[in-house]
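We did not get these values from a lab; they are worked out from the coordinates using the rules stated. The model shown is predicted, which means the values in this text are computed figures rather than measured ones.
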Amino acid sequence: MPVTTTSQAARTGSPGKRATNLSLSIDVLETARRLDINISQVCDQHLREVVRIEQERRWREEHADFIAAFNATIETEGLPLDEWRSF
């Protein structure tokens with residue numbers, strides 16, 4: 001299997017993986033190992049979720065003015081095409 005370089009990963013859209021150092025609590029690390037928990041996989045999954053939540057929070061913050069203006073427009077003018085709604 002060919003080795004994927006960072007530039008190849010960027011071109012193909014494949015995120016790849018990179019070794020990194022983490023500092024973890026000894027007791028939790030030892031317990032996870034005894035329980036055969038894949039520490040890399042769990043850290044990756046949790047970090048993905050944390051990143052997703054933070055990206056959503058920042059998007060809402062960056063677009064708060066537009067959302068408030070849109071909601072105000074809906075309050076005063078109603079929904080677009082509302083007069084043709086049959087339910």
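For segment 38-78, would you read off the P(r) tail past 14 Å as a percentage of all alpha carbon pairs?
That fraction is 64 percent.
From the phi of every residue in segment 62-68, what ³J(HN,Hα) in whole Hz does the Karplus formula 6.51 cos²θ - 1.76 cosθ + 1.60 yield, where θ is phi - 60° and glycine or proline is x?
For segment 62-68, the Karplus-derived couplings read 5, 10, 4, 5, 5, 4, 4 Hz, x marking Gly and Pro.
Return the long-range amide H neighbours of Ile37 (sequence gap of 5 or more, or a different chain), with a cut-off of under 5 Å between placed amide H atoms.
Under 5 Å from the amide H of Ile37: no residue qualifies.
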